[in-house]
Every structure is written in structure tokens, then in C-alpha cells.
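A.B. asks: Starting off with a structure, shown below.
We did not get these values from a lab; they are worked out from the coordinates using the rules stated. Everything numeric in this text was worked out from a predicted model, so none of it was measured. Here the Cβ is made from the backbone with ideal geometry for all residues, glycine too, and neighbour counts use every protein chain on show.
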Amino acid sequence: MTAEFGALQKAWLLNRLLIVSTDCEFNEQLLMSQEPNNFVKHQLYKLLIPWLGNGLLLSNGKLWHQRRKIITPTFHFGILEQFVEVFDQQSNICVQRLAEQADGKTAFDVHSYVCAAALDIIAETAMGTKIYAQQAKRTPYADAVNECTALMAERFMSVYQQHDLLFNLIHPLRRRRQNKIISIMHEFTRNVIEQRRNALEAQQQQQQQQIAHTDDLGCKRRMALLDVLLQARVEGRPLNNEEIREEVDTFMFEGHDTTTSALSFCLWLISRHAEVQAKLLAEVLQVLGEDRSCAVSMRQLNELKYMECVIKESLRLYPPVPIVGRNLQADFKYTHSKYGAGVIPAGTEVLIALIGTHCNPQYYQEPELFKPERQETNERSSSYSLIYSPFSAGPRNCIGQKFAQLEMKMLLAKLVREFELLPLGANLEPVINIVLRSETGYQLGMRKRNV
């Protein structure tokens, strides 16, 4: 559609004005705007309210500012460094599980393995609890998360299912099932919050904080997001259990589903590009060494520069969140080098198609090709910063992008060092749901390395 109609398109859906943009100049002005009226998420996100409530993803205005201020310190360098230990441990388990598939001749879908690892990582870092998604055949909480994201994805892509009344009338059994799995997740999260709150209160009473290891922020070692929320205060009062649950559930969803998508696409691409895999392996062996029993540090992950290029190039081609939606609450004034100045009226729905911008030949040469080297030179044919923005941009950019990048580096480094990724199985068939997916899965083969 971009090739046929241009980078800025408009459409009327009855009384709804919809604008779709793959134009980096327009995207930059809207996403980087400091005007709160431009922060409001698209109405489709409301489908997630029964599950995520007014967490950071869905909240707006003053509430969003309060929550963002509370959560931002959780992704401080010192705390991320503590999380690397979790990344390392869970990545080792993922390697062990994948060894069963590494016969060098059988194609399989790597998605479920990566998903279980990502779930274990986000549960331990966000809630401070282990759910053993990788080790158990079935984990009720993990199953509920996966089922709910699949159900919500289908509703996102169906016009009539987006309307609650129609959905309830036409699919009463699915509505009942949605309510059931959401209640399973909420019950699990509430129990964890209550246990952590009781433990924290007991610790404070016994003054054990003086014994606990602290960092420069005064935080306990391996301090989970939940611990930060439990100790936070808004306008002089602590957050209640429901407010905390909203944020924990938000991070459990966002922190595993998008990372799983990004990793799955990246592994598939590496398996189809032998020269990239060889260069990646050489760097991993140089930085991490051949001793697989040694823990990997944050410093080592930061030294994997070519891997950064591989990840960035994969995210360019297949951004986990391919479209960002906004509902304009006030008239939006813009200036454009091609179209001149104008005003988009309040009430307009804007869809910023990041995936279209990333693959626009106006901005990248041979954009359909997987070329990590282009990220080394930061190849662009335009001065606008938002040609490449897989984590969105501006005030509502992804707060956990550094977390996600470190997690991806850890898993990729462990997998590439342990296995040769082979180009077996079906090709990708990307489809846009809540996050980007492939209808054919992410099929590849693996062979254990001798190094």
C-alpha cells in the first residue's frame, strides 16, 4: 500500500478518520511531541484493560506520569546488572532443552522454547518468583498468559470482536473462557504480591536490610520490579494491591511476548545466513570464550558489538510491535518538507507502521535484505532519527528496551556457541497481531557444535 499510495494515507471508516503513516518525518513529529494530548494510545488497546488495567501500557495523563516515574529506576544500570544473572541461568536451561532437538536433520519451531525461557526470565525479574515454565510440562500461569495473548490477538484483528457487546453476543463461550484465564493470572499475581509484601514487612520489622547486600541505589540485590512497586508511594500513599497487579501483569505480558517474537525471527534469520552466523560465532568465542560453565557478565554482553548489529537488523525487518497507534485528543499541527503545513483534527486515529518505515527503499538500500553490516555504518539516506524505531520513540517509548537487548544477547550468545543453526523447514509468513508473528512458525534445525 505504501508503494501504491505513498507514505501517508487516510481512510474513512464510517465516522472514523484513520491515518496510516510510514513517513519518518511525520512519525518523528508525532511520537517526539511533548504534548500529552498526543500520548493517548489507540482505542484497540482497550481490549487489554480487563487483563492489564491501568498499567503503564494503557494509562494516560497524570496516572501514566506517576507510574513511569516509579518504574524508571527499576531499569537503572545497577539493577539490570543484577538481572543478567537470571538471564544467564535461564538461558542455560533453554540450551539444555534445545539439545534434544539438535540432531542436525529435523526441522522444528523454536518459538515455544524461546517463549518458555522469556516467561521464566520476566517472572523472576518482575515478580521475584520462579514459575518453572521451561521445566514443567504445564504451568497454569504460563499457559494462561499464552492462551490470553492468542485470544486477544484474534480480537485485535477482527472488527466485530473488537466491540465488547458483539463479542459477548456472538462468542459467549469465548468470553467466559477469556474471563477464566484472566482470573487465573490475576489470582496468581495477587498471591505473589501478598507473599512479597508480607516478606518485606517482616524483613523491615527485623531490620534485616542492614545485612542484605545493597547497591548505590540502596536496593536489595536482585531487587525485582515488584519490590520497587511495594515500596513506592504516590502523593504520600503506597500503591494498593490492585495497582501493583496492573503493573506486574503489564510487564509479564510485554516482557515476554515481544522478546519472544524478536528472538524467534532473529534465530530464523541467522539460520538462513551462514556468513552472519560464522561472524557471530567468532565474536561470541572471542568475548565469552569456550568455557560454557563460566557465567556471562553484563560487561561481556556489552562487548558483543556485531551481535548488536544482528539484533538491530532483525528488529528492522521484523519489529515485534510493527504498528503503534495513537488517538489524537486535540488538533495536531505538523509541517512537512513535501506536503507543507497542516492540521489533523482531534479524534483522528493514527497508525504509525514502523515495519513499513523500516522497509522503505527511500530510507534503506535493498531494504528486503538481511544485512547486519548496514547497522555498523548506520546506513540511512535521511537525517530523520525515526527511520529506525523498533522500540517506538519519544515520551512513550519502550521503558524496557535495554533489558530486552541484554536478554536477547544472552540467549543468542549461548545458543550460537552451543549449536549450529540450520536452514531447515518452512519460510516465514509474517502476520500482524498484537505482536508480529509468523503463520508458519519459526522453523529451523540445530546441530551441536564441537567447539
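A.B. asks: What's the magnitude of the charge dipole for the chain around its Cα centre, counting Lys and Arg as +1 and Asp and Glu as -1 at the beta-carbon? Answer in Debye, nearest 20.
C.D. replies: The dipole of the chain has a size of about 720 debye.
A.B. asks: Oh, and also: Let me have the relative contact order for the stretch 1-146, percent, based on Cα pairs under 8 Å that are six or more residues apart.
C.D. replies: 11 percent
A.B. asks: DSSP loop (so not H, G, I, E, B), at most 13 other Cβ within 10 Å: list which trypsin sites (Lys or Arg not before Pro) in the stretch 295-385 pass both filters.
C.D. replies: Passing both the DSSP loop test and the Cβ count: K338.
A.B. asks: In the chain, with Lys and Arg counted as +1 and Asp and Glu as -1 at Cβ, which of these residues, W64, A282, T189, has the Cα nearest the positive end of the dipole, that is, farthest along it?
C.D. replies: T189
A.B. asks: Work out which helices of the chain, taken as complete DSSP H runs, extend at least 15 Å along their axis over the Cα atoms and score a mean Kyte-Doolittle of -0.5 or more, then list them.
C.D. replies: 77-98, 111-122, 140-156, 241-271, 274-288, 305-317, 401-418
A.B. asks: Taking amide H positions as placed 1.01 Å from N in the peptide plane, with prolines and chain starts having none, which residues 5 or more places from S438, or on another chain, fall under 5 Å of its amide H?
C.D. replies: Correct list: V431.
A.B. asks: Quick one: compute the contact order of the stretch 250-319, relative version, from alpha carbon pairs under 8 angstrom and 6+ residues apart, as a percent.
C.D. replies: So the answer I get is 45 percent.
A.B. asks: Can you flag which of K180/K414; K371/K448; K62/K333; K312/K448; K10/K402; K69/K409 are past 31 Å Cα-Cα?
C.D. replies: K180/K414; K10/K402
A.B. asks: Take the Cα coordinates of the chain, assign each an equal point scatterer, and use the Debye formula without solvent to give log10 I(q)/I(0) at q = 0.07 Å⁻¹.
C.D. replies: One equal scatterer on each Cα of the chain leads to -0.37.
A.B. asks: Expressed as a whole number of Å, what is the distance separating the alpha-carbon centroids of the stretch 115-160 and the stretch 297-358?
C.D. replies: 26 Å
A.B. asks: Dividing the Cα radius of gyration by the Kirkwood radius, what Rg/Rh value follows for the stretch 1-77?
C.D. replies: Rounded to two decimals, Rg over Rh is 1.06.
A.B. asks: Here's a follow-up. Give me the compactness ratio for the stretch 46-154, meaning the Cα radius of gyration over 2.2 N^0.38 Å.
C.D. replies: So the stretch 46-154 has a normalised radius of gyration of 1.29.
A.B. asks: Given the Cα-Cα distance of I323 and T106 and 0.36 nm per residue of separation, how much length would full extension add, in nm?
C.D. replies: 74.7 nm
A.B. asks: Using only the C-alpha atoms of the stretch 302-355, find the volume of their convex hull and express it per residue in Å³.
C.D. replies: In the stretch 302-355, the Cα hull volume divided by residue count equals 137 Å³.
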